Amino acid sequence: MLDGFSNISKIPELQKRILFTFLLLAVYRIGAHIPTPGIDTAALAAFFEQAKGSLLGLFDMFAGGALSNLSVFALGIMPYISASIILQLLTIAIPHLERLSKEGEAGRRKITQYTRYGTIVLSIIQGFGIAIGLENMAGPTGVSIVINPGWGFRLMTVISLTAGTAFIMWLGEQITEKGIGNGISLIIFAGIVCRGPQAIFNTFRLLSAGEMGVVFIVLLIAMMVAVVGVIVFVESGQRRIPIQYAKRVVGRKVYGGQSTHLPLKVNTAGVIPPIFASSIIMFPATIANFVPHPWMKTIADILSPGRAGYELLYVIFIVFFCYFYTAVTFNPVDVADNLKKYGGYIPGIRPGKKTAEYIDGILTRLTLGGAVYVSVICVLPSFLISYLNVPFYFGGTALLIVVGVALDTAGQIETHLLTRQYEGFMKKGRIAKRR
């Protein structure tokens, strides 16, 4: 692996791409500390301290802490992610979008353009909602978060947050085109890992105070390494269905007769299920912050992270969305029809309906395993914090994103090395990317 890293220095273009990526990520982190005008930052920070475990906390994680100080990047890249998911779901329901998705590069560019428009629309709506919500909120001492409420503040907030999201979207696209790729994912990655130094500092502070033992920390580090290893193994795991193509004679040439495989991922849905599940369950807790009614507070307490009701519903929703999102994004009937169209078949399985049923059966069993795996990883932080008193958040959606993006980025760099006839990071095999 060290030889693989040393080969990077031999490729000036790759060095420029990596440097360009780091510079744009630095710009993103600087922008995350530029506050939106008209906010009492001390009162806002005190309010977010109370709102931990709500939907606001989830959004703040994806925004890299920019929401808790309401910077110009407070919305983060979440509007873009939401617009992308909405477009994916609409592709199934709207024939025009379905045709575009099958038109190759031109169709993908058109869908990307629609995604940008959707991002701006969602940013305007969310920015206006945040402005209205902030005017109705106050810190624990009763101090208003907004200094001068009114339409001037609302318009300024909407313009600032929408422009910030549009700029982040542009940064992600520049990293994808001129950097090392996966721009949007790397921006989310940077927002999550920036909290790592604080977690390390808190751990050493507890160690020096005698509240944590050295043996416990060593065991905790060993467990963390093991969990990361499991995530890498599962995210790279595939069920390969053998595919055989029949020979076709066209004139004097023979086509086909090749053997290949259809890869089915263990975790086809990725991190979408825990994001959807968290958003739905945390919604009452978020509403309770805006509507201080006793029965709303009771529901929020029952559905707080670490409570049995929350964890049970969390797992149920994760399993549901794993199956739902897999069914939306992968259609066994279309796969079977395409195989039949191009002369491909699964040995021992009849083409057409039988092939679709065979693929669907395998996918159903894989999705169950993937749903159990995602559920365990996402429940892990609550277990560590509640029962082992771990002073930082480890596991969950954040860890899945961090490990997955790291795999994809390493795969991108390795591709650059291999295309220029250099060795990759590993002597044997290649780093398996998620997609």
query = Residue-wise, which Karplus ³J(HN,Hα) couplings in Hz belong to the range 183-192, taking 6.51 cos²θ - 1.76 cosθ + 1.60, θ = phi - 60°, and x for glycine or proline?
reply = x, 4, 5, 5, 5, 4, 4, 5, x, 7
request  = Using θ = phi - 60° and the Karplus relation 6.51 cos²θ - 1.76 cosθ + 1.60, list the HN-Hα couplings for the range 70-76 in order, rounded to whole Hz, with x at every Gly or Pro.
outcome  = 6, 7, 5, 9, 4, 6, x
key: Proxy reagent accessibility, fewest Cβ within 10 Å first, across M212, M223, M169   = M223, M212, M169
Proxy reagent accessibility, fewest Cβ within 10 Å first, across C378, C194 = C194, C378
ask   = What is the order of S68, S208, fewest Cβ neighbours within 10 Å to most?
value = S208, S68
Amide H within-cut-off set for I243, under 5 Å, with H built and near neighbours excluded = T260, H261, L262
task = Could you pull out every one of the aspartates and glutamates with an alpha carbon less than 14 Å from that of K16, ignoring same-chain neighbours closer than 8 positions?
result = E177
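Coordinate-derived values only; no laboratory data. The model shown is predicted, which means the values in this text are computed figures rather than measured ones. Counting neighbours? That spans all protein chains shown, and the Cβs are built from the backbone with ideal geometry, glycine included.
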